[in-house]
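The values are calculated or read from the model by the stated rules, or taken from the named source; none is laboratory data. Remember, predicted model here, so these are calculated numbers, not experimental data. Because the Cβ atoms are built from the backbone with ideal geometry, glycine has one as well, and the counts that use them run over all protein chains shown.
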């Protein structure tokens, strides 16, 4: 197979290793750009959400580069994302690209089907033992990448040099990319954490603490959210993201995954509404209970689960005393508009903190 996959955050480093380790020729997915989005907008249904359009543009660029197969994740419940793989395949076929689309659904919901699809990735000349070895290394890469990003969020509002912190982080990414065993991945991650910690910090700062919630793709992919985590970090905020790919994968591998978050949501939303709608409610409650200053909800325009969640946010905000800003994102969203809304939101949070400290 000449295989490609969606580009989302730093996950491409681990996924490309996994697929190439299984003997496939990996057509590396290009990082999304305005051209990518333009391609997706051109061929997607008008009211499709932003992730659908970016993914379609990514697939078009990948098949133009020679990919004949695409692998992606599926979904379940009342959300359109579960149909994206099939819709993308039909659009690509209609455009003259007869690609094979491998959609991997949560394994415990249809184990036989999951095994059959994964078997397509394990080439005859490889073995299941080799798959396990490669998977362990790929998983360690993914876990380390998430740890590095979490550490980056902690240090950004404290650093005296954004330039050197970013350089140390990017050097860590390259170290993880080059590592070929579980142990060397761990060493690369540990060295990167040390290097990032060596950047001069101002520990007297008391950054605002903000939780990021919402739909997984616009939360994880900086192009989709206009690099909001970097913007907020450089504005002096500590960011905690509710979704990382490792915890999302782990939770969706288990039938009762995310049960704690959903339990927190029950007083406000006691049923699955698709996507991350119920999770957004539960995470907001948890951020409030953990003393965060505010929450930012990132949602694709027309995303019904996040629209449902947004309609409940004023009640949670009133009950729990935590401000919530919702940003709906589509191809018309501009960085300048987002920065303006963030500045106003941060002013609100600072005033609230000052009032609390004065009382």
I'd like to know if region 142-163 contains one or more residues that are modelled with pLDDT of 95 or more, farther than 30 Å from residue 208 by Cα and not assigned by TED's automatic domain parsing to the domain that holds residue 45. no
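Only one residue in 121, 158 is surrounded by 17 or more Cβ atoms within 10 Å (Cβ to Cβ), out of contact with any helix residue (DSSP H, G or I) (no Cβ under 8 Å at 6 or more places or on another chain) and in contact (Cβ under 8 Å) with a residue 40 or more places away in the chain, so which one is that? Can you show your working first?
Working: 121 fails: out of contact with any helix residue (DSSP H, G or I) (no Cβ under 8 Å at 6 or more places or on another chain).
Result of the check over 121, 158: 158.
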Filter region 2-35 down to the residues that are in a helix (DSSP H, G or I) and without any contact (Cβ under 8 Å) to a residue 40 or more places away in the chain and list them by number. 12, 16, 20, 34, 35
Answer yes or no: is there a residue in region 51-69 that is free of Cβ contacts under 8 Å to residues at least 60 places away in the same chain, surrounded by fewer than 16 Cβ atoms within 10 Å (Cβ to Cβ), part of a helix (DSSP H, G or I) and in the same structural domain as residue 104 (by TED's automatic domain parsing). yes
Among residues of region 302-326 being in contact (Cβ under 8 Å) with a residue 60 or more places away in the chain and outside any helix (DSSP H, G or I), the residue surrounded by the most Cβ atoms within 10 Å (Cβ to Cβ) is 303
Anything in region 124-139 that is under 30 Å from residue 172 (Cβ atoms), loosely packed, with under 12 Cβ neighbours inside 10 Å and touching a residue at least 40 places away in the same chain (Cβ under 8 Å)? List them, or say none. none
Determine which member of the set 74, 21, 82 is in contact with a helix residue (DSSP H, G or I) (Cβ under 7 Å, 6 or more places away or on another chain) and farther than 27 Å from residue 179 by Cα. 74
Quick check on residue 170: is it modelled with pLDDT of 95 or more, under 19 Å from the mean Cα position of the chain (by Cα) and either closer than 20 Å to residue 292 by Cβ or assigned by TED's automatic domain parsing to the domain that holds residue 353 (or both)? no
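From the list 173, 142, 165, which residue is part of a helix (DSSP H, G or I), crowded, with 17+ Cβ neighbours inside 10 Å and touching a strand residue (DSSP E or B) at 6+ places or on another chain (Cβ under 9 Å)? Outline the logic, then answer.
Numbers: 173 fails: touching a strand residue (DSSP E or B) at 6+ places or on another chain (Cβ under 9 Å); 142 fails: touching a strand residue (DSSP E or B) at 6+ places or on another chain (Cβ under 9 Å).
Of 173, 142, 165, the one residue that is part of a helix (DSSP H, G or I), crowded, with 17+ Cβ neighbours inside 10 Å and touching a strand residue (DSSP E or B) at 6+ places or on another chain (Cβ under 9 Å) is 165.
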When region 76-109 is examined, which residues are found to be assigned to a helix (DSSP H, G or I) and closer than 15 Å to residue 5 by Cα? 84, 85, 86, 88, 89, 92
